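Only the coordinates and a few stated rules stand behind these numbers; no lab work does. Note that the structure is a prediction, hence the values are computed from the model and not measured. Because the Cβ atoms are built from the backbone with ideal geometry, glycine has one as well, and the counts that use them run over all protein chains shown.
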Amino acid sequence: MEPKALLAALVTLFFWASAFAGIRAGLLGYSPGHLTLLRFLVASSALLLYAFFARIPPPRGKDLPRLLVLGVLGITLYHTALNFGEKTVSAGAASLLIASGPVFTALLSYFFLKEKLSLWGWGGILLAFSGAALIAFGEGGGVRLEKGALLILLSALSTSFYFVLQKPLFARYPPQAMTVYTLILGTLPLLFFAPGLGEALRTAPLSATLSVVYLGLFPGALAYFTWTYALSKTPASRLASFLYLSPLLAILIGYLWLGEVPSPLALLGGGLALLGVLVVNTWGRV
């Protein structure tokens, strides 16, 4: 993996891991729908400003339907389901459930992109997923098929499609442009949640509003930039394995930000997840 791509992936993971605690903080003042819309209005505004100064041209007309589908999968559906799911799931456990995404991504990459992992690679994914499962049991008493858990699993599946289906478009668009297009197009359907947003802004605590602004600028605009860059340089199945580091980071950030104390079982799971990622990226190539 190229050093720049690795650095970009690690920057993304840090900010995405912090998003789980940030969402919990934002939900103290906003509904899930208002939080999602406000977050991506902030992110879209930042990206529009960037696109203006970077002179990023609009996408080709024939690619708009595909880019809209990508935006709906990666932004609209992913974040709406995640935020509603986090109403009943802790920050660490939510990050863990999202970690089922690399399994979906590896399978989709095999069928859509013809990417292959060795037996070591699949073993590493299984090991990392087992670590994620331990975090689930340690943080939330196990993963039960409740409404919140199912919504977060839906988020994992939608973002896996988002990662895989955008790969062929890198032949026509640089990663910066892809980030601008998909994030802004994915924000448009979120305007469904616009009614009442003004009143929510007026009554929400400043701390909740600042959390949402943080979510828009850093886990939103910046982290999608860095992830899309890393994805343009790395096979989707291998890059997605790095998401197994997210639960460990989210537990640490959740402890520092929200006071959510991790259990020993969750910490053991984090160690297994880290080991699994190392296995995938060291011996996972065919």
For this session: State, as an integer percentage, the relative contact order of region 221-286 based on alpha-carbon contacts under 8 Å between residues 6 or more apart.
Result: 35 percent
For this session: Find how much the distance from LYS4 to LEU48 grows on full extension, using 0.36 nm per residue of separation minus their present alpha carbon separation; answer in nm with one decimal.
Result: 13.4 nm
For this session: List, in the order given, every pair from LYS4/LYS114; LYS62/LYS167; LYS4/LYS116; LYS62/LYS116 whose Cα-Cα distance in the structure shown is over 27 Å.
Result: LYS62/LYS116
Exercise. Calculated from the structure, Cα Rg over 2.2 N^0.38 Å equals which of (i) 1.03; (ii) 0.90; (iii) 0.95?
Worked result: (iii)
Seminar exercise, completed: Nearest-0.05 FRET efficiency for SER130 and ARG60 at R0 = 41 Å, using Cβ-Cβ distance, is 0.40
Seminar exercise, completed: CD proxy, 222 nm, the chain: helix-only mean residue ellipticity via -39,500 (n - 2.57) per DSSP H run with n ≥ 4, per residue, nearest 500, stands at -22500 deg cm²/dmol
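Sorted by average packing, counted as other Cβ atoms within 10 angstrom per residue and highest first, what order do 64-76, 241-253, 2-14 take?
Ranked by mean Cβ neighbours within 10 Å, highest first: 241-253, 64-76, 2-14.
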Exercise. If you place +1 on the Cβ of every Lys and Arg, -1 on the Cβ of every Asp and Glu, and leave all else neutral, what size is the dipole of the chain about its Cα centre, to the nearest 20 Debye?
Worked result: 760 debye
Problem set entry | Centroid-to-centroid separation of region 36-57 and region 238-266 [C-alpha atoms, Å] | 29 Å
Problem set entry | Karplus (6.51, -1.76, 1.60) ³J(HN,Hα), θ = phi - 60°, over region 35-41, in Hz, Gly and Pro reported as x | 4, 5, 5, 5, 4, 8, 5
For this session: Using a Förster distance of 41 angstrom, determine the FRET efficiency expected from the C-beta separation of PHE111 and LEU150, and round it to 0.05.
Result: 0.95
